[in-house]
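Report on the following structure.
Nothing in this text is a laboratory measurement; each read-out follows from the coordinates by a stated rule. If you're wondering where the values come from, they're calculated on a predicted model, not measured in any experiment. Don't worry about glycine lacking a Cβ; one is built from the backbone with ideal geometry, like all the others, and counts go over all protein chains shown.
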Amino acid sequence: MPQALLLQSLDYSVLQQCMHCGMCLPTCPTYVETKMEKNSPRGRIALLRAVADGDLEVSKALSDEMYYCLGCLACQTACPAGVNYAELFETARAEVEQANVNDGMQRGFWRWITLNVIFMHPWLLRLIGRVLRMYQSTGLDKLMRKLRFFGLMPRSLAKLEPQTPQIAAQFSDDIILPQESPIAGQGSRVGLLTGCIQDLAFSNINRDTVDVLIANGCEVITPRSQSCCGSLHAHNGELELARELARRQIDSFDLDSLDAIITNAGGCGSHLKTYGHLLHDDPLYAAKAKVWDSKVKDIHEWLVQIRFRKPTAGAGVSEVTYHESCHLCHGQKVVSQPRQVLASIPGLVLKELPESNWCCGSAGIYNITQPEQSQKLLDRKVANLKLTKAPIVATSNPGCHLQIANGLRSCGDHPCQEVTQPVTLLARAYRSERS
Amino acid sequence: MGVKRMGWLKFMTNNQTQPSLTLYNELARMRLVNTVDANFIQSLQALLSPERVLTSVEDIIPYGFDGTAVLKQRPGAVVFPLTSEEVADCVRLACKRSVPVVTRGSGTGLSGGSVPLAGCLVICLVKMDKLIEVDEKNLTLRAQSGVITKEIDDAAAKVGLFYPPDPGSMKISTIGGNVAENSGGLRGLKYGVTRDYVMGLEVVLPDGTLTFLGNKCVKDVAGYSMKDLFIGSEGTLGIITEVILKVLPRPKARKTMLALYDSMDAAAKTISAIIAAKIIPCTLEFLDRVTVQCVEDYAKIGLPTDVEALVLMETDGHPVVVEEEAAQMMALAKANGARDVRAAADEAEGAKLAAARRNAFSALARVRPTTILEDVTVPRSELATMVAFIDSVAKKHKLQIGTFGHLGDGNLHPTFLTNELDHEEMHRVEVALEEIVEETIRLGGTVTGEHGVGLAKKAFLKRQLGEGSYELMRSIKQALDPQGLLNPGKIFDLRN
């Protein structure tokens, strides 16, 4: 018996909420690229509604369209009617996976190894990280590149190779204690999410986050060997795996003893805040997930909420521009807080980036699944960064961070030489107070 | 035909009789028109490149509607010409094969003007997006019709010029669509509407002839003003492919003010007093109580929710004049009973004051699943009466209607917050709309101030115009498009 359509079991009012006014079109990077309604939010919603109404079969073309969508959620910011596009997007991707319209052994294998194996097992992910670190630190990667080893790989893989993130010398658990307290006086008690990619490539940013929290009187609890938050799975049609990871995440914190759970990755935060919806049918977790949602805070959101202390020393840079992670600004509506953090640093001028909330093309694993469109968006971002003439760009999501760094690296003379994050600059400023 | 006396909402609650479908079946039965078929698609592909001809179901479902609530229909094919000549070629082909053509820009219309007919050809002009020229000597701007309205004003602004019409959808609507619908906006009182800025049009006629109407001359009385016939013709007489627009010097300063009132009458009196003082503000926008409450619920900007009217006022022009007029307007607002009047010190503060108006539609649209935005318009002097009447109709039929709109030009936006799946409630919406339309006509108003007739206002048109004027329109359609192929069934039904 065929499985029931997910879109048909979805609350119809979510689909109906779209009044197809078109206000989303100019904010949608794929529509702006092609000017075809199918590639726009309201066009996709029309297709999903047609599926729910039984007027359209779940097809390969529908699947292609849902994977062409970046899931940047810029449409949610533009939408006058408050359509929950994130939910439609996730349900639709799950629908096309369930319908199995994307057969192809290779795709299936890569999805399985990534979603079901690597990102479900934190020890395995970190083991891979350690191997990669060794490979990079011995200079083997550079040698391989010199020998044009990657020329032997399929072209699509060889193209991706230079994008491999530089693995951090130490992971979060090596540089953050399970419990760290401020020296004098304690305000709040918070949990810290270290993320997966963030942990592998940017454990230093997790360290900076802890430092900033401690400097503001927060006691920080950091559970060991944390799992992926499940956003990767939810955004790629694996809602069951996403639920499992959500439960695991909730279980790793003693919710009642914490005032907030801090995330410093825009993409993860946007998903972490919707566990309540993801687990609403789970009798054991529904209530806990609701409490969880209310406690998850983006680091900038939290800093502004607790009226963070303005540093008295600078961060050693005079100009910065800010690129907004889509899921931080469109998903979580955290727009002014990172700017407030940057503006608080003495001697630092924030130069606004044109189209600061336009997707950089990273979009989870979009740069791997849709390299062509991803590159166009990256070029657009790099060009806008050039206009600001700022020597440094801050952002708050590991995906954007890596993507923009790659974009700047491949663009010879660019005024912008460094990618960093607002908390890193704030931590630097606090540190230089002591020197 | 069952189209005559029925309101458009009745069609929507009864799926069997969508207006375009009824008409189409009727025409097809009479063998007047054909639908897009494989042969026709081949010819289109030969004319344009194949990737600019959409026919697969996933590709064309998203072209089944525009910005109008509820109406939808599936076209047979969608094409994207790049030049006026390509548009002409497509029309000539459609004319030869008797296939109806519906023109579309970005599909943001609010009267169903670009909702297709089943199986018809949709000519989508969004890829004709070249801004051809900004002529600073003649103060004109020339563009292909698929250029986005906001890009027109942005291009003008670069050289200190100004394109005033600013419909709510200007960030995405196309200039061709604006001309075809004669769009309005917030600046109507001082700056007029789209029609006031059109100097020339390139048009493809229903038989495929490509012609240019008008020019860059301010004075031109050579024959009938043909361009005017096509402005607001809603795609029924020809396809606009290029426009020459008039632009103005950009005002150097602008001042924003906000006034709160305990009665709509007091707000209306203020406006009359301002105009009597020989001040023409560029913006005079109001929100009624329901809308203010929705805005506060949604945006939490600290508005008192017990006000009867919130009025946003702006004046623009020379800095000295602006300061003087703003002071006068604030004094007049107070003298006429405003509870509170605030002025913005700078642009940033102005944006804050304008937040309530900017959020009005968003705030209303998320209350219920279906939002029906109306645009009945009355002479300015009747506005307070009309707002009170709408309020009473809402109470009588137990409906949620938030009204906001343009105080300066009498253009109201009663916004029905409802659910299209609730047939009983939709029936009450229909009855309420009928009563509002009756009152509008009685007060000497119009059933549509800026959205156009399309399908949504078709049933009311004859009542407003009267037999003579209505038949005159139909004869013009008959003369220009005897086959009835361009956007048939919009504005009125064709003569059989």
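When the residues of the stretch B:264-305 are filtered to those that are touching a residue at least 24 places away in the same chain (Cβ under 8 Å) and in a loop (DSSP other than H, G, I, E, B), which remaining residue is farthest from B:Ala333 (Cα to Cα)?
So, considering only residues that are touching a residue at least 24 places away in the same chain (Cβ under 8 Å) and in a loop (DSSP other than H, G, I, E, B), the one farthest from B:Ala333 (Cα to Cα) is B:Ile301.
Looking at the stretch A:45-81, which of its residues are surrounded by fewer than 19 Cβ atoms within 10 Å (Cβ to Cβ) and either of a type in the set (Asp, Glu) or closer than 16 Å to A:Gln17 by Cβ (or both)?
A:Asp53, A:Asp55, A:Glu57, A:Asp64, A:Thr77 - these are the residues of the stretch A:45-81 that are surrounded by fewer than 19 Cβ atoms within 10 Å (Cβ to Cβ) and either of a type in the set (Asp, Glu) or closer than 16 Å to A:Gln17 by Cβ (or both).
Among the residues of the stretch B:391-400, what is the count of those that are basic (Lys, Arg) and in a helix (DSSP H, G or I)?
So the answer is 2.
Just name the residue that is nearest to the chain's Cα centre (by Cα) out of those in the stretch B:455-496 that are part of a helix (DSSP H, G or I) and of a type in the set (D, E, K, R). Break it down stepwise before answering.
Quick first cut of the stretch B:455-496, residues part of a helix (DSSP H, G or I) only: B:458-465, B:467-480.
With of a type in the set (D, E, K, R) added as a condition, the list becomes B:458, B:462-463, B:467, B:471, B:474, B:477.
On the way: B:Lys458: 15, B:Lys462: 20, B:Arg463: 21, B:Glu467: 25, B:Glu471: 24, B:Arg474: 21, B:Lys477: 21 Å.
Filtering first and then ranking leaves B:Lys458.
Of all residues in the stretch B:103-121, which are over 21 Å from A:Met19 (Cα atoms) and buried (at least 23 other Cβ atoms within 10 Å of the Cβ)? Reasoning before the result, please.
Applying the first criterion (over 21 Å from A:Met19 (Cα atoms)) to the stretch B:103-121 yields B:119-121.
Those that are over 21 Å from A:Met19 (Cα atoms) and buried (at least 23 other Cβ atoms within 10 Å of the Cβ): B:Cys120, B:Leu121.
With the checklist (1) surrounded by 23 or more Cβ atoms within 10 Å (Cβ to Cβ); (2) more than 24 Å from A:Glu87 (Cβ to Cβ) in hand, flag the one item A:His330 doesn't pass.
Single failed check for A:His330: (2).
Which pairs turn up if I take residues in the stretch B:227-238 that are within 10 Å of B:Arg195 (Cβ to Cβ) and look for partners that are assigned to a helix (DSSP H, G or I) and among the basic types (Lys, Arg) with beta carbon separation below 7 Å, at least 6 apart in sequence or on another chain?
B:Ile231/B:Arg195; B:Gly232/B:Arg195
Here are some residues: B:Leu71, B:Leu44, B:Leu54. Which one is crowded, with 17+ Cβ neighbours inside 10 Å and at the interface with chain A (Cβ under 9 Å from one of its Cβ atoms)?
Only one candidate passes the filter, namely B:Leu54.
Taking into account only those residues within the stretch B:341-390 that are charged (D, E, K, R) and in a helix (DSSP H, G or I), which is nearest to the other protein chains (Cβ to nearest Cβ)?
Of everything passing the filter in the stretch B:341-390, B:Arg358 is nearest to the other protein chains (Cβ to nearest Cβ).
Within the stretch B:94-123, how many residues turn out to be polar (S, T, N, Q) and over 18 Å from B:Gly185 (Cα atoms)?
So the count comes out to 3.
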